[in-house]
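Student: Got a structure for you, questions after.
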Amino acid sequence: MSLLLIRRLIMSLRPRKDSTPSRAKKRPRIDKRRAIEPYSHDDVLWHDVRALLGNDTVHSAEQHATDWDAPFQFREELEVVVDRLSSNGNALALAPPPRSNWVIVAPFALPGERIRVRVYRGARLHSFADLLDVLNPNPDLRDDSRVQCKYFGQCSGCQYQMISYEKQLEIKRNVVVKAYQNFSSLPFSAVPTVLPTMGSPKQYNYRTKITPHFEAPPKKARADPPSTSSKPDWLKIGFNEIGKKTVIDIEECPIATPVLNQALETSGPTKNGVSLLLRDSLDPSIPIDLTNHTPDDPTQHICVTDHKATVRERVGDTYFEFPGHAFFQNNNSILVPLTNYVRDAIFPSAATSTDDNASPTHLVDAYCGSGLFSILLSSHFHTVAGIELATDAIRSATANAQLNRLPPDRCTFLAGDASDIFSTVSHFPREKTAVIIDPPRKGCDTRFLEQLLEFGAGTVVYVSCNVHTQARDVGMIVKRSEESGVGGPLEQGMQERARKKYVLESLRGFDLFPQTAHVESVAVLRLVSLEEDMTN
């Protein structure tokens, strides 16, 4: 790293003379007992904690107002036996008697293991702890020889490297099951058996985007710029340490693609922000040959670090270009299986349908982004419309359709109005239309779901990076369609449509992030008549 770069970094992080008041105000005290945000990481954990303790124990603690009275001191050490894994990947254990009405949450441990931990923070009926030692490993689950990262156990990025991949997929299926039990408000009979999790073709070197962090220099370093060109001791570029806000200096991440690791090893900080952008991209300067179906040449991959620069990805034989800051799935290896699954879910199989007219002819890709589903599935529909609120995403998707030489009348992208998102496709035949939803982690808002029910597509496929908000939204779709029927005002044959409702036909997890606790989920909803549902 050059001396000039280090000096620029230090200068950029110095506060301006007029930016800080002479007497800084004290920070307001944070109320640790503030309400948990629904469907958040903490809310998901709380449901797991409650399940382990049991409703009677939780209710008793609430009645006696002891649910926040942690029975452990800061940095107190103790031994516990892990009972289960939370949906977030942490180990959960009951505290030893006589304090067994409390849960210990610790990382990197597995069910059945006796572990030694050190408590560092209390919460409602549970305390967080650092893992000090695994005293009695679970030989059926743990195999530390599988671990491929020397920072595993310190870095917060991965949770499951010591577990076989088959077991990881089982664990993630259970996360989907629990999500619908805890957050969908649907009866057991309304949720189909969750299918086995679809594995990733790559379990390492799959991640095409990483955002390493770096810390600001200490005060002494700001006051005394270094006199050598070597990297200063305080400068660490990597990822957060588990349970802390400090950054671990990491020169290689085994789940990232090779081109990203090459860039990570040589990266220096920027003066803007406290994180870097590293994206794996095909070289955009090389002309695209749509007739060439051979695998990508690794030498044509580059690392894009500019948020405004063009990133190019190839999914199967289809190409996508988008700005560096834009969203695009970060595991390219599973995108063909994922989109193929969505395609097969939309169309009724020959074994279950004798009516050729039942197949959808139109596709609406809500939250279309750069056009992944729209473009890859366009050949299976007469007409495809991608809808986005962000105009820059619409520009990228439109350019990608042209890049892949799709007929203009086959696939179009339209900027939607949040208050009337389906107005641009109001002429589509509703029951012959499939809708794909792929929202951000917060899921869909109520107004969007109301408009979806008013539109009344024959098939809805909900792809989600947060199965807990997906479960909430799917539960709302199913229950409101049962209560009020599907379709808008009583016109254009809506009297008939109002006697129909959505049923949840299938659920399946997809492992877009192997070695981590994260799971993607695909839910398929089908519009059926009330009479048809009663006979099933």
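The values are calculated or read from the model by the stated rules, or taken from the named source; none is laboratory data. Please read all numbers here as calculations on a predicted model, not as lab measurements. Backbone-built Cβ (ideal geometry, glycine too); neighbour counts: all protein chains shown. Ligands, DNA and RNA are stripped out before the accessible areas are found, and what is left, the full protein with its side chains, is counted by its heavy atoms. Shrake-Rupley method; radii C 1.70, N 1.55, O 1.52, S 1.80 Å.
Student: Need the full-extension length gain, SER185 to ASP69, defined as separation in residues times 0.36 nm minus the C-alpha distance. One decimal, nm. Don't jump to the answer; show the numbers that get you there.
Tutor: Numbers: separation 116, 0.36 × 116 = 41.76 nm, distance 3.05 nm.
Length difference between fully extended and current span is 38.7 nm.
Student: Something else now. Which one of ALA397, ALA415, LEU453 has its Cα pushed farthest toward the positive end of the charge dipole of the stretch 389-483, where Lys and Arg give +1 and Asp and Glu give -1 at the Cβ?
Tutor: In the stretch 389-483, that residue is ALA397.
Student: Continuing with this model, one more query. Place a +1 charge on the Cβ of each Lys and Arg in the stretch 52-184 and a -1 charge on the Cβ of each Asp and Glu, then give the dipole magnitude about the Cα centre in debye, rounded to the nearest 20. If you can, show how the numbers build up before the last one.
Tutor: Details: 15 positive and 16 negative charges, 72 e Å.
The dipole of the stretch 52-184 has a size of about 340 debye.
Student: Arranged from highest to lowest average of other beta-carbon atoms within 10 Å per residue, in what order do the peptides 518-526, 417-425 appear? List each step's numbers first, then the result.
Tutor: Details: 518-526: 23.1, 417-425: 15.4.
Packing proxy ranking, top to bottom: 518-526, 417-425.
Student: Select from SER100, SER127, TRP68 the residue farthest towards the positive end of the dipole of the stretch 52-133; place +1 on Cβ of Lys and Arg, -1 on Cβ of Asp and Glu, and compute about the Cα centre.
Tutor: Checking the options against the dipole of the stretch 52-133, the answer is SER127.
Student: Continuing with this model, one more query. Karplus couplings for the stretch 322-329 from phi (6.51 cos²θ - 1.76 cosθ + 1.60, θ = phi - 60°), rounded to Hz, Gly and Pro as x?
Tutor: Per-residue couplings from phi come out as 6, x, x, 7, 6, 6, 7, 3 Hz.
Student: Starting from the 7 Å offset along Cα-to-Cβ, what nm value, one decimal, do you get for the label separation of ARG405 and PHE327?
Tutor: Rounded to a tenth, the inter-label distance reads 3.2 nm.
Student: How large is ³J(HN,Hα), in whole Hz, for each residue of the stretch 200-210 in order, when computed from phi with the Karplus curve 6.51 cos²θ - 1.76 cosθ + 1.60 and θ = phi - 60°, using x for Gly and Pro?
Tutor: 8, x, 10, 9, 9, 6, 9, 6, 9, 8, 9
Student: Could you look at the stretch 88-231 and say what percent of its accessible area is carbon and sulfur, using a 1.4 Å probe and all protein chains?
Tutor: On the way: 3360 of 6800 Å².
Carbon and sulfur: 49 percent of the exposed surface of the stretch 88-231.
Student: Rounded to the nearest 500, what is the 222 nm mean residue ellipticity of the chain from helices alone, with -39500 (n - 2.57) per DSSP H run of 4+ residues and division by all residues?
Tutor: So the helix-based figure for the chain works out to -7500 deg cm²/dmol.
Student: Would you mind checking the pairs LYS432/LYS501; LYS202/LYS308; LYS202/LYS236 and listing those with alpha carbons more than 18 angstrom apart? The partial results should precede the final answer.
Tutor: Working: LYS432/LYS501 15 Å; LYS202/LYS308 28 Å; LYS202/LYS236 29 Å.
Over 18 Å apart, Cα to Cα: LYS202/LYS308; LYS202/LYS236.
Student: Skip the ligands, DNA and RNA, and give the accessible area per residue of the stretch 272-377 with a 1.4 Å probe, whole Å².
Tutor: Working: 4780 Å² over 106 residues.
Heavy-atom accessible area per residue stands at 45 Å².
Student: For SER506, what residues show an amide H to amide H distance below 5 Å, using hydrogens built from the backbone and excluding near sequence neighbours?
Tutor: VAL524
Student: At 0.36 nm per residue, minus the direct Cα-Cα distance, what do THR299 and LYS442 gain on full extension? Give it in nm, one decimal, please. Mind dumping the intermediate values first?
Tutor: Details: separation 143, 0.36 × 143 = 51.48 nm, distance 3.76 nm.
Full extension of this stretch gives 47.7 nm more.
Student: Okay, next question. Long-range amide H contacts for GLY386: which residues qualify at under 5 Å (H placed 1.01 Å from N, peptide plane, sequence gap of 5 or more or a different chain)?
Tutor: Excluding prolines and chain starts, which carry no amide H, the hits are ASP365, THR412, PHE413, LEU414.
Student: Using modelled backbone amide H atoms (1.01 Å from N, in-plane), which distant-in-sequence or interchain residues come within less than 5 Å of ARG207's amide H?
Tutor: Hits under the 5 Å cutoff: ALA256, THR257.
Student: So what is the relative contact order of the stretch 275-398, in percent, for Cα pairs below 8 Å that sit 6 or more residues apart? Walk me through the numbers on the way to the answer.
Tutor: Working: 153 pairs, mean separation 22.6, N = 124.
In percent, rounded to a whole number, it is 18.
Student: While we're looking at this one, here's another question. Which FRET efficiency, nearest 0.05, do ARG99 and ASP42 yield, Cβ-Cβ r, R0 22 Å?
Tutor: Values: r = 22 Å, r/R0 = 0.99.
It comes out at approximately 0.50.
Student: Let me make sure I get this right: for the chain, a, b and c are the square roots of the gyration tensor eigenvalues over alpha carbons, sorted descending. Under 1.5 in a/c it's rounded, otherwise prolate if a/b > b/c, else oblate. Which is it?
Tutor: Values: a/c = 1.80, a/b = 1.23, b/c = 1.47.
Verdict is oblate for the chain.
Student: OK, next. Work out which helices of the chain, taken as complete DSSP H runs, extend at least 15 Å along their axis over the Cα atoms and score a mean Kyte-Doolittle of 0.5 or more, then list them. Show your work: numbers first, answer last.
Tutor: Working: long enough: 3-13 (16 Å, 1.83); 41-53 (18 Å, -0.05); 165-183 (27 Å, -0.75); 335-346 (17 Å, 0.60); 391-403 (18 Å, -0.13); 467-484 (25 Å, -0.67).
In the chain, the long hydrophobic H runs are 3-13, 335-346.
Student: Can you work out the Karplus-derived ³J(HN,Hα) for every residue in the stretch 510-522? Use 6.51 cos²θ - 1.76 cosθ + 1.60 with θ = phi - 60°, whole Hz, and x for glycine or proline.
Tutor: 10, 8, 7, 9, x, 6, 10, 7, 6, 9, 7, 9, 10
Student: In addition: Pairs of Cα atoms under 8 Å, at least six residues apart: use those to get the relative contact order of the chain, whole percent. Could you put the intermediate results ahead of the total?
Tutor: Working: 1009 pairs, mean separation 69.9, N = 536.
Across the chain, relative contact order equals 13 percent.
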